[in-house]
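See structure below.
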Amino acid sequence: MACQAEEINDKEPGDVDTPQEKVYQHKGLDRYEEPITLTMVGEMSDNLRGLEEQFPGETLRENRWTELYKDVLGIDIHYDWIVESPFYYQRLSNEIAFGKLPDVLKVDAVQMRQLAKAGLIQDLTEIFESYATPFTKYVMSQESIDPFEAAMIDDQLMGIPEVISDLDTMQYIWIRNDWLENLQLDPPQTMDDLLAISKAFTHNDPDQNGEDDTYGLAVTNYLWNNVGGLTGFMAGFEAYPTIWLERDDGQLVYGGIQPEVKEALSVLQEMYKDGQIDSEFMFKDGNKIKEQVKNGEIGLVFGEQWASFWVEDSLNSASNADWQAYPIVSATDQPPQMPISHQVDHFWVVRADYEYPEALVKLNNLHLEKNWGETADYEQYYSTPFPAWQFSPVTPYPVLKNLEAYRDLEYARQRGDDSTLHGEAKAIHERITAYLQEGERIGWGWLKTYDSDGAYSILDQFLKNDQILFDKFISPPTETMMELDNILMNRQLDYYQNIILGNPINDFDSYVQDWQEIGGNQMTEEINNIYREHQER
């Protein structure tokens, strides 16, 4: 076990601790008597550069968070190197190959397994159990899918998962309401309704400019984008191409090779032939589709809750543009289910011979405490309203915070009393109010996401009605997955795209056969062996 500083206590006998003082008496938040150094590596992005401009004198290397960690915990963070985000994992792979590991680093699932197999990182099972505060354990257990399962290798916790809310990835149909009104159409209740709307948006001049210049459905070249992808559309056909499903016999099967996908692709092919999907979608990423939305060319987008901010620019070209989130719809007589993949793709690991492995857990503890705990200073460390939290090297958060903010806002709206709002809910309320009362555009997206009929109201109902379908495989990748997963995923994307573009629909059967023979069957066997072991525990 690492050398641990004695807790400094200047209290006189008989003094009574305040609740806030008690928080910092947990050993996961006490300060090292002699400051320690912790080396890391970092990523730079446009967002961080913009943040540095908003906070003169603060940089990714030295800022309010690095100072807080030094002052409260006695942890002095040093970055060995910082590179642009797109090159982070390439640089990291090179460093790992030469055995140059910082004390703590963020890796993907494959890298974690490789490092663990080579004995280069530490087992954190006991460290996390001992040093994680009760609040940290509570927060990291909120996820619908246990994030720690993805970090367990041979029954050892080899990394602290970077938890991202799975529920926040739920998709909605974002529709131009003003186009619906222009064409006197009702919001969709079924897939047939949605297909009729897409056709009308394509051929019936929804923007009433007298020109044939609109498409029904946004589709990006990567079919599984979180905005502009097809996950929500396919779910309407009970097709779930990116997750593992459990059959009635308890076996897991890959959703991407199931017959329901073939039906969805057939419908998409007809939509493409009819001009409802841009003929050049194969060459358009999310940014190019966003530009089309901005220019008023597209009226239907499947996307996550933050898509409100993605479509907001369309108000620049059409001040009357009005987007609204609607629930995904079904092509059957069954209520639709939204597939949710586990979002644990990255992990914080600790170099095998680093003396203070608990320092990583302490950083996570303090980040959560100063943003959402008893001593939270939300407007200093989270949002000023600029996202100061991005300066922190570790950024855990309560995964249900957005949904809970919606519920707090809805409760306040129903009571007609916003005096009890605090933290995130209060900040969102202020932005919405600024839009409704003063026309401040910054509040438009927040309104569309958090209003009584916004995106989170739909998520709330889907949860209450048990309409969420979770990915059943959440363990680290198997040997075959590490070797072949990228090949199989690229082949899937290629087949799907070409079928939409007009290749024979029976090419789907060829894809299924290819997938099975290339390695899919072997991967399925490995995954089921792991799943069976977990079920038997």
Open item on the list: Between Glu430 and Asp494, how high is the FRET efficiency from 1/(1 + (r/R0)^6) when r is the Cβ-Cβ distance and R₀ = 45 Å? Nearest 0.05.
Closed with: 0.45
Task: Two-decimal log10 I(q)/I(0) for segment 432-537, as the Debye equation yields it once each C-alpha is a single scatterer, q = 0.12 Å⁻¹ - done: -0.74
Task: Inter-site label distance for Asp485 and Glu149 at 7 Å from Cα along Cβ, in nm - done: 1.5 nm
- [ ] Compute the FRET efficiency between Ser383 and Tyr79 as 1/(1 + (r/R0)^6), taking r as their Cβ-Cβ distance and R0 = 25 Å, and round to the nearest 0.05.
- [x] 0.55
Task: Carbon/sulfur fraction of accessible area - segment 213-345, other protein chains in place, 1.4 Å, % - done: 43 percent
Task: Rounded to 10°, Cα long-axis angle of helix 259-273 versus longest principal axis of the chain - done: 60 degrees
TODO: From zero up to wherever the largest Cα-Cα distance of segment 134-216 sits, split into 10 Å bins and tell me the percent of pairs in each.
DONE: 15, 29, 13, 13, 20, 10, 0
- [ ] Post the alpha-carbon centroid distance, segment 437-497 to segment 193-257, in whole angstrom.
- [x] 13 Å
TODO: Take each of the peptides 354-366, 492-504, average the number of other beta-carbon atoms within 10 Å over its residues, and list them starting from the highest.
DONE: 354-366, 492-504
TODO: Would you calculate the volume per residue, in Å³, of the smallest convex hull containing every Cα atom of segment 197-267?
DONE: 97 Å³
Task: Fraction of the pair-distance distribution of the chain above 33 Å, Cα-Cα pairs, percent - done: 48 percent
TODO: For an R0 of 45 angstrom, estimate the FRET efficiency from the Cβ-Cβ distance between Asp285 and Lys27 and round to the nearest 0.05.
DONE: 0.40
- [ ] Distance between Cα centroids, segment 297-326 to segment 33-49: provide it in whole Å.
- [x] 36 Å
TODO: Would you mind checking the tilt of helix 358-372 against the longest principal axis of the Cα atoms of the chain, expressed as 0 to 90 degrees and rounded to 10?
DONE: 60 degrees
Task: Simple spin-label estimate for Asp249 and Asn528 in nanometres, 7 Å along Cα-Cβ - done: 0.7 nm
Task: Pair-distance profile P(r), taking every C-alpha pair of segment 47-92, with 10 angstrom steps and integer % - done: 24, 44, 31, 2
TODO: Please determine, in degrees from 0 to 90 and to the nearest 10, the orientation of helix 88-97 with respect to the longest principal axis defined by the Cα atoms of the chain, where the helix direction is its Cα long axis.
DONE: 50 degrees
Open item on the list: In segment 380-397, whose amide N lies under 17 Å from the spot 7 Å out along Cα-to-Cβ of Glu95? List them in ranges.
Closed with: 392-395
TODO: May I ask you to give the solvent-accessible area per residue for the chain, in square angstrom, as obtained with a 1.4 angstrom probe?
DONE: 45 Å²
Open item on the list: If packing is taken as the average count of other Cβ atoms within 10 Å, what order do 474-486, 394-406 fall into, highest mean first?
Closed with: 394-406, 474-486
Task: Asn465 paired with Glu517, simple spin-label distance in nm, labels 7 Å along Cα-to-beta-carbon - done: 4.3 nm
TODO: Go through Lys22/Lys401; Lys27/Lys464; Lys199/Lys288; Lys199/Lys284; Lys106/Lys448 and tell me which ones have a Cα-Cα distance over 30 Å in this structure.
DONE: Lys27/Lys464; Lys106/Lys448
Open item on the list: For q values of 0.14, 0.19, 0.21 Å⁻¹, compute log₁₀ I(q)/I(0) with the Debye formula on a Cα-only model of segment 142-292, without solvent.
Closed with: -0.82, -1.26, -1.42
Task: Carbon + sulfur, % of accessible area of segment 407-501 - ligands and nucleic acids excluded, 1.4 Å - done: 45 percent
TODO: Let me have the 222 nm mean residue ellipticity of the chain computed from DSSP H runs of 4+ only, each contributing -39500 (n - 2.57), with the sum over all residues rounded to the nearest 500.
DONE: -12000 deg cm²/dmol
Open item on the list: Averaging the inverse of every distinct alpha carbon separation and then flipping it gives the Kirkwood radius. What is it for segment 74-219, in angstrom units?
Closed with: 20.3 Å
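The values are calculated or read from the model by the stated rules, or taken from the named source; none is laboratory data. Since we're looking at a predicted model, the values are computed, not measured. Every residue, glycine as well, gets a Cβ built from its backbone with ideal geometry; the counts of neighbours run over all protein chains shown. With ligands, DNA and RNA removed, areas are computed over all heavy atoms of the protein, side chains included. Shrake-Rupley method; radii C 1.70, N 1.55, O 1.52, S 1.80 Å.
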